[in-house]
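Only one structure is covered here, and it is reproduced in the block below.
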Amino acid sequence: MGTGASTSPSTSPKSAAKPAAAKPAETAKSSRLFVGANWKCSLETVEEVDKLLGEMVACFGAGGPEGVELCVFAPYVFIERAKYTLGTGIHVGSQNAWDAAEGFACTGVVSAKMLKGIGCRWVLLGHSDRRNVLGETDALISAKVRQCLEAGLNVNITIGEKAEARSAGEELKVLQAQLGEAAKGVPADAWGRLGEREECPGRRALRLWDGGEGFVEYASLPDVDGFVVGRAGLDCTKLSSICNTLKAAKEKTES
């Protein structure tokens, strides 16, 4: 949902891991297939971050995984470090953004415009941690969606039901409400022109991906375009396997 171009950070962390030596023409892929690695706050030291970034460069190289758009959702304090080290072959995104319009200053927040300025391409909004632990509402998430899209960021909207809703058979009702409220934050001009009738087959306004760890059983589903993972995103071997499994499953279903 939304579009955006990746820009380079204005400063480079002096002690960061050696950056990937990407060719000038190489940029992170804009494939329909997507894998996101949500670091949460699992890595708390520069040393831990540099170790993982170095492993990612060694595993995926300068161009990132072939045929899959890979994005690291890093904590604010490590975004520029990740961007500098990974180069242009792998996107770097934020795990959150401030919801207020430009010009409203507030202590301790990071605006969508700030994120765009340091090279973020994606932002993760509505994660269950934000909803269930920090009390974020659908309306608040919708406001964040609007600010991020207007800043030129791609938005990954996370929805999900609790066990109680599933037990009551109301999971679809909950998911529809969450997605419907989030969609209110999409500016009218961000949807773009629908196109002529003959242009419509194959087009979808949304790319859908699963947020669980059981990626193998979902990879071949026709409406699943990728995954956002937590723990598996901290292990390059697992992350590479996820990318390869997703790509292979789609190639098999399309052949």
Q) Out of residues 5 or more away from Val35 or on other chains, whose amide H comes under 5 Å of its own, with H placed 1.01 Å from N in the peptide plane? A) Glu69, Leu70, Cys71, Phe227
Q: Treating only the Cβ atoms of Lys and Arg (+1) and Asp and Glu (-1) as charged, compute the dipole magnitude of region 100-189 about its Cα centre; round to the nearest 20 debye.
A: 240 debye
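With N denoting the number of residues in region 100-189, provide Rg(C-alpha) divided by 2.2 N^0.38 Å, to two decimal places.
Region 100-189 yields a ratio of 1.17.
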Q) Between Ile157, Gly119, Val174, whose Cα lies farthest towards the positive end of the dipole of region 100-189 when Lys and Arg beta carbons carry +1 and Asp and Glu beta carbons carry -1, centred on the Cα centre? A) Gly119
Q. Whole-Hz Karplus ³J(HN,Hα) for region 78-87, in order, using 6.51 cos²θ - 1.76 cosθ + 1.60 and θ = phi - 60°, x for Gly and Pro?
A. 10, 4, 5, 4, 5, 4, 5, 6, 7, x
Q | From phi via Karplus (6.51, -1.76, 1.60), per-residue ³J(HN,Hα) for region 140-151 in Hz, x at Gly/Pro | A | 5, 5, 4, 5, 5, 4, 4, 4, 5, 5, 5, 7
Q. Across region 100-189, how many lysine pairs separated by 8 or more positions, or lying on different chains, have Cα atoms within less than 27 Å?
A. 10
(Q) How charged is the neighbourhood of Thr137? Take every other residue with its Cβ under 9 Å from the Cβ of Thr137, and add Lys/Arg as +1 and Asp/Glu as -1. (A) -2
Q: Work out from phi, with θ = phi - 60° and the Karplus expression 6.51 cos²θ - 1.76 cosθ + 1.60, the ³J(HN,Hα) of each residue of region 47-59, listed in order in whole Hz, and give x for Gly and Pro.
A: 4, 5, 5, 4, 4, 5, 4, x, 5, 5, 4, 5, 7
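Values in this text are rule-based calculations from the coordinates and carry no lab data. Since the model is a prediction, treat every value here as computed from it, not as a measurement. Cβ atoms come from the backbone with ideal geometry, glycine included; neighbour counts cover every protein chain shown.
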